[in-house]
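To start, the structure under review is shown below, and the notes come after it.
The values are calculated or read from the model by the stated rules, or taken from the named source; none is laboratory data. Keep in mind it's a predicted model, so treat the numbers as computed, not measured. Cβ sites come from the backbone with ideal geometry, for glycine too, and all protein chains shown count toward neighbours. Remember, those area values only see protein heavy atoms, side chains included, never the ligands or the DNA or RNA. Shrake-Rupley method; radii C 1.70, N 1.55, O 1.52, S 1.80 Å.
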Amino acid sequence: MNITNRLKSTEVTVSALAALLAAGAFLMPAWLSFLLTLALAKALVVLGVVLQMRAGLVSFGQALFYCIGGYGVGLGAQSLGIADAFALLALGTAAAVLLALICGFLLTRYREIFFAMLTLALSMILYGVLVKSSALGSTDGFNVAPPSFLGWVPEGDARKQAVYLLTVVIAAAAVIGFNRYLKSGLGRVMEAIRENEIRVDYLGLSPRRLLFANYVFAAAISALGGGLTAIASGHIDPDMAFWATSGEFVFIAILGGTGHVAAPFIGAIVFSVIRTFAIQEAPHTWQMALGLVLIALILFLPKGLWSLVSRKHTKAGNTPAAKEATA
Amino acid sequence: MSTILETRGLTRTFGAVVAAKDLNVRIDHGEIVGVIGSNGAGKTTFINMVTGYLPPSGGDILFDSRSVLGLAPREITRRGMARSFQVAQLFPQLTVIENALISLVAAEGPWPSFLRPLDTPERRAHAEAILEDFGVTPYRDAVTSTVPQGARKLVDIAMALVSNPRMLLLDEPTSGVSVEEKCPLMDTVMAVVRKHGVTVLFVEHDMEIVARYVTRIMAFYSGEIIADGSPRSVLGDAKVQELVIGHHFDLDLLGEPA
Amino acid sequence: MTSLLAILFDGAIYASWLFLVAAGLTIIYGVMRVLNMAHGSFYAIGAYSAASLVGWYFSGNVGNPYLSYLLLIGCAVVAGSLIGVIIERGLLRFLQGKDEILMVIVTYALLLILEDVTKLVWGVDPYFAYQPYRLLGQTAVGVGLRFATYDLALIVVTAAIGLAAWFALNRTNRGRLLRAVIHDREIAVAMGVNVNVLFTVTFAIGAVLGALAGALTAPAISVTPGIGVEVIVLAFAVVVVGGLGSIGGAAIGAVLVGLTRSVAVHMAPEMELFVIYGVMFLVLAIRPQGLFGPVLARRI
Ligand SMILES: Nc1ncnc2c1ncn2[C@@H]1O[C@H](COP(=O)(O)OP(=O)(O)OP(=O)(O)O)[C@@H](O)[C@H]1O
Ligand SMILES: [Mg+2]
C-alpha cells in the first residue's frame, strides 16, 4: 500500500471513530462525555508537546499556550463580548501563534535542558503575571460564559453535548491534519533534526527555521486545546500556566508515546479515566502512582502505549503499515 | 582550467594551537586532490572551515570565485559544495532508505515538496537507485545505527552527493573500514563521482589508497601545507617522508593512477 | 534611604535563602549531569522533619531552647543523606549516562512520588516551628528598620556554608578531584576516580543541602504540602542564571535574583514572580550557558 492510500485509510478510520464518538453523545452519561471532552482537549495540548518531542525538544512549558488559549477564550467572551465559540477559539489560537512567533525566535536557539528550562520560565512568567492581576481574578481566575455556536444558543444538556461534539470534530480534524504533517517531508525532517542537526544543516536546510515552524504549530494546537478546555469547564485560572500543568502534559506525552499522532489521544484518555477513579479512591497516593508509572514507562515502555498498539499491528501481519506508523 | 576553490591566507587557531596556518590552496574544476597528514595536522579543520562549520580566524575562501566566508553550511551546500564526515553523520534511528529520502526532499528544496508525503513512490524509486549505486541496497530497511561501518560511510557519502554538488570534500572516507573493504568502497565512490564530473578533495591516511585515486596530493603538517604536487613528487619528498609518512616510502609501490 | 536599606537587606535575606536551595542542585548537576527536579522534595522533607522535630522538642518541657538549632541542622543532615543515598543507589545508579533531558523527567517522577510520601508521613495539615525564629528576637538596622535576627543570622550561616563549599572545592584534595570531574568526567574516570562512590556521595551532599535549606526555612514559614513544588522552579532559575554546575554561579545567580525580587516587592509588588523568571529569561537570551557556564561545541 503506498503512502497516499495509507493516509486515506487512516483518515477513514479516524472519521469512523469520530462518528462513533459523536453518536455516543446521545447515549453516554453526561459525566462520561464531559470526561471525554476534557481528555480530547488535553490530548490536543499534548499533541503540541509530542510535535516537539519528535523534533528532539521537550517543552516543560507547554502550559503557556494552553493557558493563552484558555484566557483568549475567557477574555474574548468577557472583555470583547464575543459569544461565538469558533470566534473565541480562533482568538485564543491566534494569540498563541502571535506569542509563539515572538518566543520561537529566541527559543529555537536552545536545545535539551536549556530548551526545557526556558519554556518553563516563559510559562512561569505568565503564571506570575496572572496570579497578580486582580482584574483577571488573580489566583481564582474567572468563569467563562457558555458560548453560542454560529448563532445557535443551546440550553441545558444540549450545551454540554454541543461542546462535546465540537471537541470531537476538532480532534478528528487535528488527527487527520497532523497525521499528514508528521508523514510529510517537513514532518519527517523534524525527526532528522532530532537525530542529527549538523547533517540537516549540511543537507542545505536550516534546522532553526524548521524548528521555529514546528514550535508555532505546536503552540497553535495546544492553544486550541486550552480554548476548548475553557469552554468545556466554563472556568479558567492561572494554574493553567503553572509548571506542574506542563509536567502533566509531558507525562501524558510519554504515556502515549510519540510514534503516532493518535498516541497523545490514547494517552490522554487513559490518563483521564484513571485519574477520575484514582482521585476518588486514593487522593493521597495519586501523584505517587503517576511517578511510579512514569519511571516504569521510561524503563520498560519507552515508546509509550502506542508501541503496544503498533506491535499488535505487526502481529496481524500488517508489517509495512505498522512500520510506517511507528517510524 | 578554471579554479573552483581557492583559499587565501586561511588561518585558524584554537587557543595556542594553530590548526591552520596561512593556507593558500587552489583547486581546479575536475581535479581529484588527495590530502595527507598525521593526526592533528589540520585536515578536518580545513574542511570544516571551507564548508562553513568553523569560522576561520583569518583569510578568505572563494568558491567559484565568490567568497563564502560567513556562510552557513546549508548555504555553501546550496552553492554546490558538499562533504562527508570522518565519523559518518547520519540519522541513526531512521532506516537507511529514510536517510536517503530525507536527503532527497532536502535537495528538492522546501516548497512545495515539504508539504507532500516524504515517502512517495517516485522519491522512493529515486532513493533506491541511489542506494543501488552505492551498493548498500541490502541495508535498505535496516536502522542506520545497526549497519556496518563501511556501509554507514557509503550512506554518508551518498547523502552528500544527493544535492548534485560540483565539489565534494571527503574526510577519511575509509576510516574505520577494514583493509579489504577500502578499495571497493573507494571504487564505488569514485565511479559515482566520475559519472557526475565532481571535483574531489579526499583526506586519507593510507598512501597507497591516495595515490591510486588522485592526480595531486597536498601534505599537511601542523597546520601548514608542506608539499603540494603530483603523487610521485609529494610522496617522494624527503620532508613529507620524515614528517608525514614517518618512514621511507617506496615509490615503486605506486601504480599508475586508476 | 531607609527603603534602599530595606531593599538591600530583604534582597540579601532572600538571596541567601535562594543560594541555600540552589547550591545542592548545582553541585549535583555539575558532577552527575542530573538536573534534579526532586530537589524540591528534599527541601520539603527537610522542612517537615525539622518542623515536626522542633515542635516535638518544644512540646515537652525541655531544657535549653537553643539546642533546637542543633536539632534543625541534625535532622536535615540525617534526612537528606538518607534519602539521597536511597535514591542514588536505588534508582539513579541504573540510569547513569542517560540523556540529560530524560533525567529531568525521571527526577520529575521522583518529585511526584516524594510529594505524596511527605503527605503520607506528615499529613496535609500545616506544621509550625516558630520557636527558633522567635527566640532570637529582632535587630534594628538603621532608623526605624527592624529585621528578625533569625533572618539576618541566615545570611551569615549561608555565607559560611558557601565559603565552606568554596574551601572544600578549592583547598582540599578531594575537592580538587571533584572539580576535575566537573571539568571533564572522562579524564577523571581515566584517572581512576571511582565514579559510583563519587556519585553517591555527591548526591547525598546535594540532598543534605536541599534538606538543610528546608530545615532552616521551616521556623520562618508554615510548612504545608506543595512547598517543594514552589521552590524547585525558583532554584532552577537561580542555577540556570548562574550557569549550571557552577557554585560561584549559583551564588551570583542568587544575589541577582534575590535583589531583583526585593526591588520588585518594594516598588511594584505585582511584578514579583514576573521579574524572577524575567531575569532568568533575559540572562539565558544573552548568555545561553548562564553567566558562568562553559561554552560547549560539538566536534565533527
Ligand atoms: N573544536 C576544536 N577545539 C579545540 N581544538 C581543536 C578543535 N578542532 C580541532 N582542534 C585541534 O586542531 C588541530 C587540528 O585538528 P584536526 O581535527 O583538523 O586534525 P586532522 O588533521 O583532521 O587529524 P585526524 O587525522 O586525527 O583527523 C588538533 O591539534 C586539534 O586538537
Ligand atoms: Mg580529521
*Dipole magnitude (debye, nearest 20) for the protein assembly as shown, charges at Cβ of Lys, Arg, Asp, Glu*: 400
*Work out from phi, with θ = phi - 60° and the Karplus expression 6.51 cos²θ - 1.76 cosθ + 1.60, the ³J(HN,Hα) of each residue of the range B:23-30, listed in order in whole Hz, and give x for Gly and Pro.*
7, 10, 10, 9, 10, 8, 3, x
_Rg [Å, one decimal], Dmax [Å, integer] - chain C, C-alpha atoms_ = 19.3, 69
_Unit charges on C-beta of K, R, D, E only; dipole of the range A:3-242, Debye_ = 720
*Using θ = phi - 60° and the Karplus curve 6.51 cos²θ - 1.76 cosθ + 1.60, what whole-Hz ³J(HN,Hα) does each residue of the range A:202-207 get, with Gly and Pro shown as x?*
6, 8, x, 10, 9, x
*Where is the GNM fluctuation largest for chain A (alpha-carbon springs, 10 angstrom cutoff): A:83, A:100, A:282?*
A:282
*For the protein assembly as shown, build the charge dipole from Cβ charges (+1 Lys, Arg; -1 Asp, Glu) around the Cα centre, then report which of B:231, A:292, C:240 sits farthest towards its positive end.*
A:292
*For chain B, what is the calculated [θ] at 222 nm in deg cm²/dmol (nearest 500), taking -39500 (n - 2.57) for each run of four or more DSSP H residues and dividing by its residue count?*
-10000 deg cm²/dmol
_How much accessible area per residue does the protein assembly as shown have, counting only protein heavy atoms and a probe of 1.4 Å, in square angstrom?_
41
*Mind checking which of B:192, B:244, B:179 has the largest fluctuation in a GNM of chain B, springs on alpha carbons under 10 Å?*
B:179
*For chain A, calculated [θ]222 nm from helices alone, where every DSSP H run of n ≥ 4 adds -39500 (n - 2.57)*: -25000 deg cm²/dmol
_Classify the protein assembly as shown from the C-alpha gyration tensor, please: rounded if a/c falls under 1.5, else prolate or oblate depending on whether a/b exceeds b/c._
oblate
*asked:* Using a 1.4 angstrom probe on the protein heavy atoms only, could you order A:277, A:212 from most to least accessible area?
replied: A:277, A:212
*Quickly rank B:62-68, A:204-210 as a protection proxy: mean count of other C-beta atoms within 10 Å, highest first.*
A:204-210, B:62-68
*Along the range B:93-103, what does the Karplus equation 6.51 cos²θ - 1.76 cosθ + 1.60 (θ = phi - 60°) give for ³J(HN,Hα), rounded to whole Hz, x for Gly and Pro?*
8, 9, 6, 4, 5, 5, 4, 5, 4, 5, 4
*Compute the signed sum of charges (Lys and Arg +1, Asp and Glu -1) over the other residues within less than 10 Å, Cβ to Cβ, of residue A:130.*
-1
_Peptide-level mean, for C:284-291, of C-beta atoms on other protein chains within 10 Å_ = 3
*First select every other residue whose beta carbon is under 10 angstrom from the beta carbon of residue B:43; then total the charges, Lys and Arg +1, Asp and Glu -1.*
-3
*Compute the Cα gyration tensor for chain A, then decide on rounded, prolate or oblate, letting a ≥ b ≥ c be the square roots of its eigenvalues: rounded whenever a/c is under 1.5, prolate when a/b is larger than b/c in the other cases, and oblate in all that remain.*
rounded
*asked:* Sort A:215, C:66, C:133 by heavy-atom solvent-accessible area, probe 1.4 angstrom, most to least.
replied: C:66, C:133, A:215
_Solvent exposure, largest accessible area first (probe 1.4 Å, DNA, RNA and ligands not counted), of A:300, A:114, B:134_ = A:300, A:114, B:134
*Is the range C:230-289 best put as rounded, prolate or oblate by its Cα gyration tensor, with a ≥ b ≥ c the root eigenvalues, rounded for a/c under 1.5, and otherwise prolate when a/b is larger than b/c, oblate when not?*
prolate
*asked:* Two decimals, Cα atoms only, Kirkwood Rh: what is Rg/Rh over the range B:156-221?
replied: 0.93
*Summing +1 for each Lys or Arg and -1 for each Asp or Glu, what net charge is found among the other residues whose Cβ lies under 15 Å from the Cβ of residue C:166?*
+4
*Which one of A:106, C:58, C:260 is farthest out on the positive end of the charge dipole of the protein assembly as shown, using unit charges on Cβ (Lys, Arg +1; Asp, Glu -1) and the Cα centre as origin?*
C:58
*May I ask which of B:43/B:195; B:21/B:195; B:43/C:98; B:21/B:43; A:8/A:160; B:43/B:239 have a Cα-Cα span longer than 23 Å here?*
B:43/B:195; B:21/B:195; B:43/C:98; A:8/A:160
